[in-house]
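Working notes for the structure below.
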Amino acid sequence: MAFKDNREYIKALDAAGELVTINQEVDWDLEAGAIVRKVCEEQGPSPLMNRIKDYPGHRYLGAPISTYKKLAICLGLDPNSSIPQIATEYLKRTNRPPVKPVLVDKKQAPCKENILLGKDADLFMLPAPMVHDGDGGRYLATWHFVVTKDPDNGDVNWGMYRQMCYDSYTMTGPLLPFSDGGKVFHGKYKPRGLPMPFATVIGPDPLSAIAACAPSPIPESDYTGMLMGKPVELVKCETVDLEVPAHAEIVIEGEILPDVSLEEAPFGEYTGYRTSPRDLRTCYRVKAITFRNDPITTISNMGVPTDEGQLLRSFSLCLEMDALLRSQGIPITGAFMWPESTHHLVVIGVKPIYSNIAAQIAQLVFGSKLGPWFHMVVVVDDQTDIYNYNEVIHALTTKCHPQKGIHIYEGAGTPLYPFLSYEERLKMAGPKVVFDCTFPIDWDPLSEVPRLVSFKTVYPKEIQDKVLANWEKYGFKAR
Amino acid sequence: MMLHYDVFVNSLADLPEDKELQLALRDLTPGKYKYCYKNVKALVSPDPKKYEQGLQVRFGRGQIHPAPYSIKVLEQVERIPERWR
Ligand SMILES: Cc1cc2nc3c(=O)[nH]c(=O)nc-3n(C[C@H](O)[C@H](O)[C@H](O)COP(=O)(O)O)c2cc1C
Ligand SMILES: [Mn+2]
């Protein structure tokens, strides 16, 4: 079962008690953002805001996938599924053959219910929220994706790249050069002096949005089909040679200019800070806007954990790392990021069968396409449960040698790291560190390796069984 | 004082008084077009009464400078070349 649009998903959220419908008027200028922010910090239900100041007929859905519960609902799972259960299902679906999208006629595409062209396609007709006080502008695109095409081989990419309304026909945003869309723009269109056609999809169905912010090499439309278990339905754009999901709420079409850049940022970011410098960034010129009746603009409010960027990027970055390490034959038990680390820290479990396996893991993941987005790798052995915070912090603080177990690398970064100096942010510096929390394999297991002192490891099986059998008799409550 | 525009700067040194400056302003007029950018040539002053319109100053991470400036917009500037408009 897969939701074809956010409207079906909203019904499912409601049925699971994960929706709050707000019928009183909400101001697009900070009030809506503040509601979504508080929801993220409380890990609360998603707000559906039905009346927006200055914009009758428009609606907002805030914090669409900001909890594991909502992620489970997106996948049609029991809302109370555990993280490993969600990951198992996600992997099952994303390991099947790609599912190509299908093209539908405009008449079957709700996103064509309203079409604004030329000077009528004015961005300020849409309720772009002022998400945080102090942002550089109104961000229309916070939970969305940008469709682009490679001019040489026709490969289509969907990437979630934020966009700020600059003026009626212009948006700006950081199309970072190592993203798939950025590589094609900065590497191909720009040097040739050609504008890059784009279509921004706002309010996509939940699985398309998940695909667009996942770092998978599989084309995102096929990836969505794999997650859905059926092809995603696309429709042709009005003014550019691109296709967009037929059931999206709002579509903005236009061109990225090869020779113009304009101010963008600051903006509240997934790290929980406003960090990346205000800078001259990519300039998107608008030619057409199409939208459904009573369109629902999605709002993600990035800031301190937990928002959907932190949750989903943590989730999908780890799964890609897991696949990468397994493809290289590294005997890992898994990879996990706490969303609270703002996907900066990954815990990787491994059977330490040879020396320096932690360094090999770190070099692989830092050197991969995923590398710019995180900078701390904690490698634990296969006895440590990577999902268990207590066990991981215990391993880190007891098994990592401060002089021999911590290694620092240079890598690729982003302008978003709060600890970088201003100059380092502009250069996208990427210092990285690995914490090796495995005991050296050449230690003598009898005389050198410390023995973990826990109920499960230092008592004979019969004593454990006896204590467990008598637990309530002793007077303790069963857990 | 009514604040008509705001502008982001790295430091107040970016806003010398009475010197013609090219600025990317945001329109603060309430309503649908609030925060729309306008590129202009203008004169500014830290004296909030010197010119007729109020200018809010913000720094690089969005922080508000507590003392509003005043501004006189001389002309609008188009930064997007004709061929893309
Ligand atoms: C809410 C949100 C906003 C994002 N904004 C940007 C952005 O402005 N620029 C960027 O390069 N990546 C951004 N990302 C990260 C990309 O979505 C991510 O790297 C994704 O994998 C890009 O797809 P690609 O692999 O096709 O480039 C954002 C992610 C999220 C969740
Ligand atoms: Mn991609």
Q | Amide H within-cut-off set for residue A:52, under 5 Å, with H built and near neighbours excluded | A | A:26, A:57, A:58
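Please tell me the relative contact order of chain B in percent, rounded to the nearest whole number, where contacts are Cα pairs under 8 Å and at least six residues apart.
RCO, chain B: 31 percent.
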Q: Determine the sum of side-chain charges near residue A:280: Lys and Arg each +1, Asp and Glu each -1, restricted to other residues whose C-beta is under 14 angstrom from that of residue A:280.
A: 0
Q. Considering every residue in A:336-349, what mean count of other chain Cβ atoms within 10 Å of its Cβ is obtained?
A. 0
**Q.** Unit charges on C-beta of K, R, D, E only; dipole of the protein assembly as shown, Debye
**A.** 340
Q | Gyration tensor (alpha-carbon) shape descriptor, segment B:4-79, a/c threshold 1.5 | A | rounded
Q) Quick one: if the Förster radius is 25 Å, what FRET efficiency do residue A:20 and residue A:387 give, using the C-beta to C-beta distance and rounding to 0.05? A) 0.30
Q | Under the Karplus curve 6.51 cos²θ - 1.76 cosθ + 1.60, θ = phi - 60°, whole-Hz ³J(HN,Hα) for segment A:167-181, x wherever Gly or Pro sits | A | 9, 3, 10, 9, 10, 10, x, x, 8, 4, x, 9, 6, 5, x
Q) Among A:303, A:337, A:357, which residue has its Cα positioned farthest towards the positive end of the charge dipole of segment A:284-371, with +1 placed on the Cβ of Lys and Arg, -1 on the Cβ of Asp and Glu, and the dipole taken about the Cα centre? A) A:357
Q: Please list A:58-66, B:68-76 highest first by mean number of surrounding beta-carbon atoms within 10 Å per residue.
A: A:58-66, B:68-76
Q | residue A:465-residue A:41 pseudo-label distance in nm [points 7 Å out on the Cα-to-Cβ vector] | A | 5.2
Q: Tell me the label-point distance for the pair residue A:474, residue A:1, using the 7 Å Cα-to-Cβ offset, in nm and rounded to one decimal.
A: 4.4
(Q) Can you give the local net charge around residue A:211? Use residues other than it whose beta-carbon is closer than 13 angstrom to its beta-carbon, Lys and Arg +1, Asp and Glu -1. (A) -3
Q) Residues of B:26-37, mean number of Cβ from any other protein chain within 10 Å of their own Cβ, rounded to a whole number? A) 6
Q. Shielding of A:274-287 by partners, i.e. mean partner chain Cβ atoms within 10 Å per residue?
A. 2
Q: Taking the Cα centre of segment B:4-79 as origin, work out the dipole magnitude from +1 charges on Lys and Arg Cβ and -1 charges on Asp and Glu Cβ, in debye rounded to 20.
A: 300
Q) Accessible area per residue, 1.4 Å probe, Å², for segment A:6-299: what's the number? A) 33
Q) Once amide H atoms are built 1.01 Å from N in the peptide plane, which residues 5 or more positions from residue A:198, or in another chain, come under 5 Å H to H? A) A:254, A:255, A:256
Q | Lysine pairs with alpha-carbon atoms under 20 Å apart, segment A:328-458, spacing 8 or more or separate chains | A | 8
Q.
Can you give me the % of accessible surface on segment B:4-79 that is carbon or sulfur? Probe 1.4 Å, all protein chains present, nothing else counted.
A. 49
(Q) For a test of the definition: using alpha carbon positions, the gyration tensor, and the 1.5 limit on a/c, classify segment A:6-299 as rounded, prolate or oblate. (A) rounded
Q. In debye to the nearest 20, how big a dipole does segment A:328-458 give about its Cα centre with +1 on each Lys and Arg Cβ and -1 on each Asp and Glu Cβ?
A. 200
Q. Quick one: Cα centre-to-centre distance for segment A:274-317 and segment A:45-117, in angstrom?
A. 14
**Q.** Selection from A:476, A:371, A:193, by position along the positive dipole direction of the protein assembly as shown (Cβ)
**A.** A:476
Q | Net charge, residue A:163 excluded, C-beta distance under 14 Å - Lys, Arg +1, Asp, Glu -1 | A | -2
(Q) So for chain A, averaging the separation of alpha carbon pairs under 8 Å that are six or more residues apart and normalising by length, what relative contact order in percent results? (A) 14
Q) How large is the helix-only mean residue ellipticity at 222 nm for the protein assembly as shown, computed as the sum of -39500 (n - 2.57) over DSSP H runs with n ≥ 4, divided by its residue count, in deg cm²/dmol to the nearest 500? A) -6500 deg cm²/dmol
Q: Rank A:12, A:164, A:211 by how far each Cα sits towards the positive end of the charge dipole of the protein assembly as shown (+1 on Lys, Arg Cβ; -1 on Asp, Glu Cβ) and give me just the farthest.
A: A:12
Q) A plus B alone minus the pair: what accessible area, both sides summed, probe 1.4 Å, in Å² to 100? A) 2500
Q) What is the packing order of peptides A:186-193, A:331-338, A:159-166, taking the mean over residues of other C-beta atoms within 10 Å and listing the highest first? A) A:159-166, A:331-338, A:186-193
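Could the peptides A:41-48, A:121-128, A:312-319, A:382-389 be put in order, highest first, of the mean number of other beta-carbon atoms found within 10 Å of their residues?
Going from most to least packed, we get A:312-319, A:121-128, A:41-48, A:382-389.
The values are calculated or read from the model by the stated rules, or taken from the named source; none is laboratory data. Just so you know, these numbers come straight off a predicted model, no measurement behind them. Here the Cβ is made from the backbone with ideal geometry for all residues, glycine too, and neighbour counts use every protein chain on show. Areas reflect the complete protein model, heavy atoms only, side chains present, ligands, DNA and RNA absent. Shrake-Rupley method; radii C 1.70, N 1.55, O 1.52, S 1.80 Å.
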